[in-house]
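Engineer: Submitted below is the structure of interest, expressed as structure tokens.
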Amino acid sequence: MRREPCAQAGSTELLAAPEETQFAHINQLSFRRLIETTADGVLVLDLSGVVLYANPAAEEIFGHSKDELLNIPLGRPVASGETAELTVRRPGKKPAEVEMRVVEFAWDGRPAILASLRDISARRAHEERQRQSQKLEAIGRLSAGLVHDLNNLLGVFDAGLRLLRKQIAEDPADPKVDMLIEEMLKRAKTGGALTQQLLAFSRRQPLTPTAIDLNARIDSLTNLLERTLGGGVKIERKLDAALGPVLIDANQLDVALLNLAANGRDAMGGQGVLTIETCEAPSDLEDLPNAAAGYVRVTVADSGSGMSEDVLAQAFEPFFTTKGEGDGTGLGLSQVYGFVRQSGGQVRIDSEVGTGTRVHLFLPRAPAEG
Amino acid sequence: MSEYGKLRVLIVEDELLIAMELESCLASLGQEVIGIAAESGEALELARTASPDLAMVDLHLRDGCTGPQIAADLIHRHKVLVVFSTGTPHHIPSDYAGALAAIIKPWSPEAVEHVVRFVHAYRAGDRTAMAAPLLPGISIAPSLRATLF
């Protein structure tokens with residue numbers, strides 16, 4: 001009685017698992033209901049990629065009925081045992097981000113592929129929101145400096161306009177009138193450049209690793225840092241001019257460097273030297289997933305208080321902070337770590353109490369063109 | 001503005017327009033500006049050669065956050081009175097580095113007039129005039145304030 005006739009020809013293989021005795025009391029109809037009810041999409045494909053079976057969750061994910069799916073050759077997207085992410089375009093609905101895992105098995109006596117599909121659109125959307133909030137938080141860490149910069153600029157215009165009014169009342173033809181106007185225009189331009197940079201920075205962008213010039217990126221960011229870290233922080237750049245492009249999301253790199261710079265400033269109590277250095281990374285480095293492609297190193301060093309071993313051990317943990325309540329969220333270094341690891345790179349911190357902190361980011365080189 | 005005597009004033013400020021306006025305000029109050037310095041070296045050189053009575057000192061200058069050190073040098077080595085002029089009053093050392101007061105940027109010409117009035121009262125030892133109300137953007141060094149109120 002345990003072996004009812006198969007509800008669908010070919011499902012014998014599914015039931016011939018080692019758990020047979022353990023789950024002996026579950027009948028075949030129940031197994032079928034399991035597959036039909038699970039929230040994950042289940043597809044059976046033959047080796048040429050033609051759909052042989054699709055459960056309701058798979059229909060939902062693809063936005064096509066089972067009958068339609070049965071006629072669509074999907075091809076064979078991934079090797080057995082691997083996980084792939086794909087974007088599924090669906091008629092009349094938003095595209096779905098789908099994670100697919102594949103195993104080989106036999107279906108109806110013939111070799112086939114069993115694919116499990118999971119709609120991870122919500123997770124991806126959440127990650128994007130998280131990146132956006134990390135970015136805004138990094139900008140927030142510079143807000144005191146920005147406010148000071150803008151306040152300073154307002155002071156300059158205030159003074160300039162009062163001088164201008166006085167000068168025009170005395171002698172409008174005096175060359176000083178033009179000089180005052182020119183000076184204010186110059187300042188308005190640099191002030192505008194700063195706000196443009198911030199706007200570009202805070203714009204919502206999808207994560208897209210591209211080949212970028214690390215040194216150029218650091219140069220453009222330094223302008224923002226110089227005006228926001230406060231007058232007590234001197235920024236020194238030691239950039240290797242021969243550096244090739246790296247494959248990284250430029251926006252996230254800015255956020256990471258900004259977080260490291262703000263950490264450095266805080267560790268130095270707002271007074272000291274922040275060094276940003278780039279160079280080729282040695283090719284025999286441990287724990288780098290793609291050593292063949294090669295890596296570039298960027299180091300942000302401060303002349304601050306340094307970290308104890310205890311602090312160092314927890315530095316990358318989300319919400320870990322040495323700052324007082326309300327001063328730090330503890331998400332700065334965890335953003336840096338998350339982003340660099342996700343990009344196929346590695347982060348190393350080199351620090352001792354009293355000697356300052358050096359954070360090294362190893363970023364994957366972009367493959368040579370052509 | 002003959003109600004004040006004439007002070008020789010050194011302006012230590014790296015923002016050209018702000019320095020120029022301060023100069024113009026001080027001139028219209030009958031004070032004499034003996035020079036404008038944008039960093040420590042220039043400030044101390046002018047203090048040595050032009051012997052000012054008062055220096056209006058910004059905290060953040062071309063050579064960094066050197067205002068407090070300049071103030072200390074001017075006060076102790078050159079016997080100059082100092083008033084800070086700053087947009088970041090929270091960066092003033094707690095002892096004011098020996099300065100009399102601070103004026104918060106952006107200031108108005110009226111606030112500059114109050115500061116000048118206060119410095120003259122201090123030089124004259126006129127405690128009643130020193131205790132006269134000041135505009136909100138001006139703060140007196142805590143140690144001096146304690147002797148007045």
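Engineer: Have a look at B:Asp63, B:Asp14, B:Asp73 and tell me which one the Gaussian network model of chain B (Cα, springs below 10 Å) gives the largest fluctuation.
Structural biologist: Most flexible of the set in this elastic network: B:Asp63.
Engineer: Of A:Thr355, A:Leu69, A:Thr83, which is farthest towards the positive pole of chain A's charge dipole, taken about the Cα centre with +1 and -1 on the beta-carbons of Lys, Arg and Asp, Glu respectively?
Structural biologist: Toward the positive end, the furthest listed residue is A:Leu69.
Engineer: Same structure, new question: Compute the whole-percent fraction of alpha carbon pairs in the stretch A:141-189 spaced more than 17 Å apart.
Structural biologist: Working: 484 of 1176 pairs.
Value for the stretch A:141-189 (Cα pairs over 17 Å): 41 percent.
Engineer: With springs connecting C-alpha atoms under 10 Å apart, model chain A as a Gaussian network and identify which of A:Leu45, A:Leu221, A:Leu239 has the largest mean-square fluctuation.
Structural biologist: Greatest mean-square fluctuation among the candidates belongs to A:Leu45.
Engineer: OK, next. I want to verify a result. In a Gaussian network model of chain B, Cα cutoff 10 Å, which of these has the top mean-square fluctuation: B:Ser51, B:Ser94, B:Ser85?
Structural biologist: Comparing B:Ser51, B:Ser94, B:Ser85 in a Gaussian network model of chain B, the most mobile one is B:Ser94.
Engineer: Enter the mean number of other protein chain beta carbons within 10 Å of the beta carbon of each residue in A:157-165, as an integer. Provide the component values of the computation, followed by the final result.
Structural biologist: Values: counts 2, 7, 15, 6, 2, 7, 7, 2, 0.
Rounded to a whole number, the mean comes out at 5.
Engineer: Tell me what chain B gives for mean residue ellipticity at 222 nm when only DSSP H runs of n ≥ 4 count, each as -39,500 (n - 2.57), the sum divided by the residue total, rounded to 500 deg cm²/dmol. Present the calculation step by step, with values, prior to reporting the outcome.
Structural biologist: Working: 6 runs with 63 residues, N = 149.
Counting only the DSSP helices, I get -12500 deg cm²/dmol.
Engineer: What's log10 of I(q)/I(0) for the stretch A:170-280 at q = 0.17, 0.19 Å⁻¹, Debye sum over Cα points only, no solvent?
Structural biologist: Summing over Cα pairs of the stretch A:170-280 leads to -0.91, -1.06.
Engineer: Say R0 is 45 Å: what FRET efficiency, to the nearest 0.05, do A:Asp287 and A:Leu70 get from their beta-carbon distance?
Structural biologist: Values: r = 46 Å, r/R0 = 1.03.
Efficiency computed from Cβ-Cβ geometry: 0.45.
Engineer: Are any of the pairs A:Lys238/B:Lys105; A:Lys186/A:Lys238; A:Lys176/A:Lys234; A:Lys189/B:Lys6 more than 32 Å apart by Cα-Cα distance, and if so, which?
Structural biologist: Numbers: A:Lys238/B:Lys105 35 Å; A:Lys186/A:Lys238 29 Å; A:Lys176/A:Lys234 34 Å; A:Lys189/B:Lys6 39 Å.
Over 32 Å Cα-Cα: A:Lys238/B:Lys105; A:Lys176/A:Lys234; A:Lys189/B:Lys6.
Engineer: Report the charge-dipole magnitude of the protein assembly as shown in Debye, nearest 20, computed about the Cα centre from +1 at each Lys and Arg Cβ and -1 at each Asp and Glu Cβ.
Structural biologist: So the dipole magnitude of the protein assembly as shown works out to roughly 820 debye.
Engineer: While we're here: Kindly rank B:23-32, B:128-137, A:226-235 from highest to lowest mean number of other beta carbons found within 10 Å of each residue. Kindly include the intermediate steps, with their values, before the conclusion.
Structural biologist: On the way: B:23-32: 18.1, B:128-137: 13.2, A:226-235: 20.5.
Highest mean packing first, the order is A:226-235, B:23-32, B:128-137.
Engineer: In whole Å, what are the extents of the stretch A:81-238 along the principal axes defined by its C-alpha atoms, from largest to smallest?
Structural biologist: 101, 43, 26
Engineer: With no solvent and one point per C-alpha, what does the Debye sum give as log10 I(q)/I(0) for the stretch B:16-93 at q = 0.16 Å⁻¹?
Structural biologist: -0.55
Engineer: Then there's this: Summing -39500 (n - 2.57) over the DSSP H runs of n ≥ 4 in chain A and dividing by its residue number, what mean residue ellipticity at 222 nm do you reach, to the nearest 500 deg cm²/dmol?
Structural biologist: On the way: 11 runs with 152 residues, N = 370.
Helices in chain A give a 222 nm mean residue ellipticity of -13000 deg cm²/dmol.
Engineer: What do you get for Rg/Rh over the stretch A:38-119 if you use C-alpha atoms and the Kirkwood form of Rh? Let's see the in-between values first.
Structural biologist: On the way: Rg = 11.8 Å, Rh = 12.6 Å.
Taking Rh as the inverse mean 1/r over Cα pairs, Rg/Rh reads 0.94.
Engineer: Another one. Rg and Dmax of the stretch B:8-148, Cα atoms, in Å?
Structural biologist: Computed over the Cα atoms of the stretch B:8-148, radius of gyration and Dmax are 13.5, 39 Å.
Engineer: Ok, one more. With only alpha-carbon atoms counted, please give the Rg and Dmax of chain A, in Å.
Structural biologist: 29.3, 111
Read the figures in this text as sums done on the coordinates, not as results from a lab. The structure displayed is predicted, hence computed values, not measured ones. Counting neighbours? That spans all protein chains shown, and the Cβs are built from the backbone with ideal geometry, glycine included.
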